[in-house]
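Undergrad: Here it is, the structure, as structure tokens.
The values are calculated or read from the model by the stated rules, or taken from the named source; none is laboratory data. Computed from a predicted structure; not experimentally measured. Note: ideal-geometry Cβ built from the backbone for every residue, glycine included; neighbour counts use all protein chains shown.
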Amino acid sequence: MATTTCELIWLKTLLQSLGVAHPRPMKLYCDNQAALHIAANPVFHERTKHIEIDCHFIRNAILRGNITTKYVPTHAQLADIFTNALSKKQFEYFLSKLGTRNPYAPT
């Protein structure tokens, strides 16, 4: 989440330097509910010691209004179409989400 937040902030800064304003917070989707709760919770525990800096970075981005975090179930991860082998039904569902109608139709 921290790496993606860095990329989102960089892209927003790049767009601003090109004259494109985007005043709304960017949505960061994650399928890990524990990571979302840790990012939203200011209290750290022993188990989160090694990720404290990342959590502070994400939390500050949320508080500044740069990003908002949203939960997406694992089976609905749109990026899976690029990284995983999928069933035909799930593949076609993700294609429709990307706006692709029929990849095999002649042009």
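Undergrad: Can you confirm whether region 34-49 contains a residue that is surrounded by 14 or more Cβ atoms within 10 Å (Cβ to Cβ), modelled with pLDDT of 85 or more and aliphatic (A, V, I, L, M)?
TA: No, every residue in region 34-49 fails to be surrounded by 14 or more Cβ atoms within 10 Å (Cβ to Cβ), modelled with pLDDT of 85 or more and aliphatic (A, V, I, L, M).
Undergrad: To continue, here is another question. For region 77-102, which residues satisfy the criterion of being closer than 19 Å to Ala35 by Cβ and in a loop (DSSP other than H, G, I, E, B)?
TA: Those that are closer than 19 Å to Ala35 by Cβ and in a loop (DSSP other than H, G, I, E, B): Gln77, Leu78, Ala79.
Undergrad: I'd like to know if region 55-76 contains one or more residues that are surrounded by 15 or more Cβ atoms within 10 Å (Cβ to Cβ) and over 27 Å from Ile38 (Cα atoms).
TA: No: zero hits.
Undergrad: Taking the residues in region 1-33 that are surrounded by 11 or more Cβ atoms within 10 Å (Cβ to Cβ) and in a loop (DSSP other than H, G, I, E, B) as candidates, determine which candidate is modelled with the lowest pLDDT.
TA: My answer is Asn32.
Undergrad: Among the residues of region 71-107, write down those that are modelled with pLDDT under 90 and under 21 Å from Arg24 (Cα atoms).
TA: Of everything in region 71-107, just one residue is modelled with pLDDT under 90 and under 21 Å from Arg24 (Cα atoms), namely Val72.
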